[in-house]
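Here is the structure we will look at, set down as structure tokens.
The values are calculated or read from the model by the stated rules, or taken from the named source; none is laboratory data. As the structure is a computational prediction, the values presented were derived from the model and not from experiment. Every residue, glycine as well, gets a Cβ built from its backbone with ideal geometry; the counts of neighbours run over all protein chains shown. Calculation scope for accessible area: heavy atoms of the full protein, side chains included, ligands and nucleic acids excluded. Shrake-Rupley method; radii C 1.70, N 1.55, O 1.52, S 1.80 Å.
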Amino acid sequence: MRPLREPATARPGMTFHQMLERIRYEGAYPTRERAEDVTRAVLGALGRQLSGDERVDLAACLPSEAALVFTSQIPDLQPLTGWGFVKDLATRTGSTPAVARWDTGAVLAVLGRLAGPGLLDRILAQLPSGYALLFVRAELTQAA
């Protein structure tokens, strides 16, 4: 049974610039420009993974400019695992998997706070394994 859908929240009081400053702090990036490049890359990559109500509701939680970057991507038919997401991001940005993992964590930590725990639970339920850690959450598995 699918959990009840929370209504999408209104656009936050956070501007795109404020979101970038939070990501810059999380990732310890030296400039706002670097934080923006990372943010756009990770938002685009996540936009290729998420679909349905969760995609719409996450976009509603983001500042308008971030929502446009996120929703401009067409979701893949077969979403990547968390590790596949990081490797794909590294390939697309020309960085190493370690740098891509760092960038992903910096951006998704902020997105997770913007989304809130209920929506984040729904997002993680839709995605393959490995994303909880990217959103700075423990990934619990059931014992066999």
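Brief remarks follow.
- Counting only helices (runs of 4 or more DSSP H) that sit completely within region 31-144, those holding 3 or more residues that are open to solvent by less than 70 Å² (accessible area, probe 1.4 Å) and within 28 Å of His17 (Cβ to Cβ) correspond to 32-47, 52-61, 64-71, 82-93, 97-115, 117-126.
- Cβ-Cβ contacts under 7 Å between residues 6 or more apart (or on different chains), taken from a first residue in region 34-57 that is modelled with pLDDT under 95 to a second residue that is acidic (Asp, Glu) and outside any helix (DSSP H, G or I), are absent.
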